[in-house]
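J.: My structure is below; once you've seen it, I'll send some questions.
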Amino acid sequence: TAQYEATLNQYEVTFYNWNGEVLQSSMVNYGEVPSYNSAIPTREADAQYTYTFNGWGDMSVVTGAQSYTAQYESTLNQYEVTFYNWDGSVLQSTMVNYGEMPSYNSATPTREADAQYTYTFTGWSPQLDIVNGVQSYTAQYEATLNQYEVTFYNWDGTLLYSGWDYYGDYPFYGGATPTREADAQYTYTFTGWGNMSVVTGVQSYTAQYEATL
């Protein structure tokens, strides 16, 4: 009877990365379990996910040519979203999942009034958008020009006129021309209100007179 020598067959076993890159290729004996002996596979994070190598799936004994592809666990990325006030102070900073819409959950932003304006919060710049990276937003305000009371008095302290004028305007007097009754010594002629200046706050003026003997 013819006699034969049996040579155990070998088959190519190839390990691929997620993108088709060959990581290892070797010949493995029939019936053996293949093993991966190269560097641990990696997959670079993208904007949405960070990837962790999770094995090769179900490996089996070699019965023919085989190939395996690296498996990864994907973790949804989080990004810092910061809300600033107009002066750069941080109002809120939180980590938000990729793809979610950020929300501001702290106290309504405020900006202290100055001499010229009173400020009202109107929203955020830029407009809120779904998270796809680190984001920052700055509080926006509507500025309303302040008004101040301007009061005009006669020489004896009598109130002649009181009105509200806008910051930066010249004071307006809407009353009758002031008078001062003559006395035995002088006759008085109204000459103005002294040195008037543009409105920057509450102001008062007193009627000035020229005294004629």
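The values are calculated or read from the model by the stated rules, or taken from the named source; none is laboratory data. Just so we're clear, the structure is a prediction, and the values are computed from it rather than from any experiment. When we count neighbours, we look across all protein chains shown, and the Cβ atoms used for this are built from the backbone with ideal geometry, even at glycine. The area values use the complete protein model at the heavy-atom level, side chains included, leaving out ligands, DNA and RNA. Shrake-Rupley method; radii C 1.70, N 1.55, O 1.52, S 1.80 Å.
J.: Of the candidates Leu128, Leu23, Leu91, which one comes out as most mobile in a Gaussian network treatment of the chain with C-alpha springs shorter than 10 Å?
T.: Leu23
J.: Same structure again: May I ask for the net charge around Tyr188, where only other residues with Cβ less than 15 Å from the Cβ of Tyr188 are counted and Lys, Arg are +1 while Asp, Glu are -1?
T.: Residues near Tyr188 contribute -3 overall.
J.: Separate question: With charges set only on the Cβ (+1 for Lys and Arg, -1 for Asp and Glu), what does the dipole of region 120-213 come to about its Cα centre, in debye to the nearest 20? All intermediate terms of the calculation are to be shown ahead of the outcome.
T.: Values: 1 positive and 9 negative charges, 20 e Å.
Dipole size: approximately 100 debye.
J.: Scanning the chain for GluC sites (Glu not before Pro) in DSSP loops with at most 12 other Cβ atoms within 10 Å, what's the longest stretch left with none?
T.: 113-180
J.: Compute the signed sum of charges (Lys and Arg +1, Asp and Glu -1) over the other residues within less than 13 Å, Cβ to Cβ, of Thr158.
T.: Taking every Cβ under 13 Å from that of Thr158, the sum is -1.
J.: In region 173-206, which residues have a backbone nitrogen under 17 Å from the label point lying 7 Å from Leu213's Cα in the Cα-to-Cβ direction?
T.: 183-189
J.: Just want to confirm a number: the relative contact order over the chain, from Cα pairs under 8 angstrom separated by 6+ residues, in percent.
T.: Reported relative contact order: 13 percent.
J.: What's the local net charge at Pro34, with K and R +1, D and E -1, over the other residues with C-beta under 15 Å away?
T.: -3
J.: Right, something else. Over the Cα atoms of region 7-134, Rg to Rh with Kirkwood Rh, two decimal places? Intermediate values should be presented prior to the final figure.
T.: Working: Rg = 26.6 Å, Rh = 19.4 Å.
Reported Rg/Rh (Cα atoms, Kirkwood Rh): 1.37.
J.: Share of the chain's accessible area from carbon and sulfur, percent, 1.4 Å?
T.: The value for the chain is 46 percent carbon and sulfur by accessible area.
J.: Output the antiparallel fraction of DSSP beta bridges having both residues in region 1-88, as a percent to the nearest 5. Before the final figure, lay out each step's value.
T.: On the way: 13 of 17 bridges.
The antiparallel proportion sits near 75 percent.
J.: Using the heavy atoms of the protein chains and a 1.4 angstrom probe, tell me the accessible area per residue for region 7-124 in square angstrom. Don't skip to the end; give the middle numbers.
T.: Values: 7360 Å² over 118 residues.
I get 62 Å² per residue for this part.
J.: What do you get when you divide the Cα radius of gyration of region 65-213 by 2.2 N^0.38 Å, with N the number of residues?
T.: For region 65-213, the normalised Cα radius of gyration is 2.12.
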